[in-house]
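*Asks:* Have a look at this one.
The values are calculated or read from the model by the stated rules, or taken from the named source; none is laboratory data. Everything numeric here is computed off the predicted structure, so don't read it as measured data. Glycine also receives a Cβ, built like all others from the backbone with ideal geometry; neighbour counts cover every protein chain displayed. Side chains are part of the model used for accessible areas, which takes the heavy atoms of the whole protein and leaves out ligands, DNA and RNA. Shrake-Rupley method; radii C 1.70, N 1.55, O 1.52, S 1.80 Å.
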Amino acid sequence: MPQQIQREGEREMGDSSDSVSVDMEGISFGGKEHLIETCHGYVSVAVIGDPDKPALVTYPDLAQNHLSCFQGLFFCPEACSLLLHNFCIYHISPPGHELGAPAISPDKPVLSVDDLADQIEEVLNFFGLGAVMCLGVTAGAYILTLFAMKYRQRVLGLILVSPLCKAPSWTEWLFNKVMSNLLYFYGMCGVVKELLLKRYFSKEVRGNAHVSESDIVQACIRSLEERQSSNVWRFLEAINGRPDITEGLRKLQCRSLIFVGDNSPFHFEALHMTSNLDRRYSALVEVQACGSMVTEEQPHAMMIPLEYFLMGYGLYRPSQSSVSPRSPLSPSCIAPELLSPESMGLKLKPIKTRISLQI
């Protein structure tokens with residue numbers, strides 16, 4: 001195994017000091033950022049919570065990091081109380097996507113999706129983690145699913161948002177190739193930002209000539225402007241060259257919970273993935289009037305399904321006294337009738353679980 005060096009806050013092209021602590025308080029939702037050297041380069045991990053608790057690993061979508069992809073979910077008081085009560089969160093950013101990241105040297109090879117999945121295994125080894133829960137969005141969901149296939153004993157469960165599993169269709173491949181060329185020659189220009197917003201959000205929140213875009217879209221645009229376009233290009237090249245992993249889905253030995261927005265361009269892909277997973281251990285939640293990034297656009301829609309999913313692992317919400325009376329996690333709000341499309345804005349497929357999970 002290659003030597004792994006923790007350099008908290010040290011950048012790939014920065015000084016050579018062994019450890020510099022960077023306090024993420026105030027610019028994120030708490031935690032420390034660690035820059036870890038792997039055999040495929042440096043990867044940034046923001047750690048939030050009690051390290052003695054079970055680990056939840058997250059991986060964001062293209063051109064995103066944990067600040068822009070999961071902030072909506074973790075800023076939800078109910079989600080924060082549920083997830084931080086049960087987990088220590090390890091937010092992994094794609095290489096060069098973390099806040100303030102420099103451009104990766106053009107001499108460095110472009111990583112494949114297999115390389116990115118192998119990086120996750122090295123991160124777990126660095127922190128001394130065993131089996132973990134995984135939460136990924138679109139491209140990040142693909143990387144975590146591939147990781148679960150390659151390292152089955154390291155994954156307890158998959159929570160996937162608008163996931164990918166097939167190789168790109170000709171339409172997606174061409175779409176990504178156009179965006180890749182724009183990134184390479186023009187950087188994070190207006191056209192690229194518009195293409196990415198269509199990837200993430202529904203038309204309702206993106207706005208139009210008569211209605212301005214929502215606050216979450218404006219925040220997303222600001223975060224995209226901070227991203228190094230060459231680093232985004234590298235991640236896009238990896239995702240556009242991904243292989244089809246459908247055949248391996250039924251061999252997964254962990255439970256899976258899939259969220260997808262009705263208006264996501266990857267809606268059909270999520271349905272395809274669900275149909276190829278073992279139905280005894282998987283569930284699909286379709287969120288109405290939502291794009292791909294459910295974690296930002298409709299994070300409250302994730303709460304009840306997440307709570308039921310975690311119950312299958314013996315994990316529960318904190319005591320009622322620590323939860324707001326209006327919380328959807330309170331007992332009065334998890335009655336079966338609330339799992340209807342009319343009351344939740346959701347289309348829920350039955351969640352079939354077993355009390356104990358054999359790995």
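*Asks:* Distance from a point 7 Å along Cα→Cβ of His272 to each backbone N in the range 155-171: keep the residues under 15 Å and list them by number.
*Replies:* 162-171, by backbone N distance to the label point.
*Asks:* Let me know the shape class of the range 29-177, please: from the alpha-carbon gyration tensor, a ≥ b ≥ c as square roots of the eigenvalues, rounded when a/c is under 1.5, otherwise prolate if a/b is greater than b/c, or oblate.
*Replies:* Numbers: a/c = 1.44, a/b = 1.32, b/c = 1.09.
Here the range 29-177 falls in the rounded category.
*Asks:* Under the 0.36 nm per residue contour assumption, what length would be gained going from the current alpha-carbon distance of Cys39 and Thr246 to full extension? Mind dumping the intermediate values first?
*Replies:* Details: separation 207, 0.36 × 207 = 74.52 nm, distance 2.75 nm.
Gain on stretching Cys39 to Thr246: 71.8 nm.
*Asks:* While we're on this one: Heavy-atom accessible area of Phe185 with all protein chains present, probe 1.4 Å, nearest 10 Å²?
*Replies:* Taking all protein chains as shown, Phe185 has close to 140 Å².
*Asks:* Please compute one quarter of the surface area of the Cα convex hull for the range 214-293 and express it in square nanometres. Spell out each step's value before the answer.
*Replies:* On the way: hull surface 27.2 nm².
Across all orientations, the range 214-293 yields a mean hull projection of 6.8 nm².
*Asks:* Evaluate E = 1/(1 + (r/R0)^6) for Val178 and Phe75, where r is the Cβ-Cβ distance and R0 equals 45 Å; express this FRET efficiency to the nearest 0.05.
*Replies:* On the way: r = 34 Å, r/R0 = 0.74.
Computed FRET efficiency for Val178 and Phe75: 0.85.
*Asks:* Of Ala289, Val205, Asn176, which is farthest along the charge dipole of the range 164-305 in the positive direction, counting Lys and Arg as +1 and Asp and Glu as -1 at C-beta?
*Replies:* Value: Asn176.
*Asks:* Using a 1.4 Å probe on the protein heavy atoms, what percent of the accessible area of the range 149-308 belongs to carbon and sulfur? Mind dumping the intermediate values first?
*Replies:* Values: 3730 of 6870 Å².
Using a 1.4 Å probe with all protein chains present, the range 149-308 comes out at 54 percent carbon and sulfur.
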